[in-house]
Amino acid sequence: MRTSYDPKYDILYIKLGKAKRVFCIEVDEDITFDVDQSGKLVGIEILSASERLDLKSLLPVEINKETLKKRKVKVS
């Protein structure tokens with residue numbers, strides 16, 4: 001499993017596996033599951049991640065506080 005976070009766009013991606021080709025299933029307005037051809041979950045994309053999750057609990061995600069401050073995201 002690999003977790004990556006883009007603070008500029010506030011997108012969290014959790015990579016659970018590999019696939020040559022993925023199909024996107026929109027679960028919610030800001031949540032998409034990536035599945036392989038057999039339907040196995042290989043990734044999860046979460047938009048507006050800082051509004052939905054406590055990002056500090058998802059180590060090893062690095063959060064650039066300067067970028068968050070520019071976007072007016074609450075940083076404690």
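How much length is gained on full extension from residue 57 to residue 25, taking 0.36 nm per residue of separation minus their Cα-Cα distance? Numbers along the way, then the final one.
Numbers: separation 32, 0.36 × 32 = 11.52 nm, distance 2.55 nm.
Full-extension gain reported as 9.0 nm.
Mark the label point 7 Å from the Cα of residue 38 along Cα→Cβ and return the residues of segment 1-31 whose backbone N is within less than 17 Å of it.
Label zone hits: 16-23.
Hey, got a sec? Which trypsin sites (Lys or Arg not before Pro) in segment 1-54 land in a DSSP loop and have at most 11 other Cβ atoms within 10 Å?
On the way: sites: 2, 8, 15, 18, 20, 21, 40, 52; in loops: 8, 18, 20, 21, 40.
Counting only loop positions with at most 11 other Cβ atoms within 10 Å, the trypsin sites (Lys or Arg not before Pro) in segment 1-54 are 8, 18, 20, 21, 40.
FYI, it's all coordinate maths here, none of it is from the lab. As the structure is a prediction and not an experimental result, all values here were calculated from the model. Cβ coordinates were reconstructed from backbone atoms using ideal geometry, including for glycine residues, and neighbour counts include every protein chain displayed.
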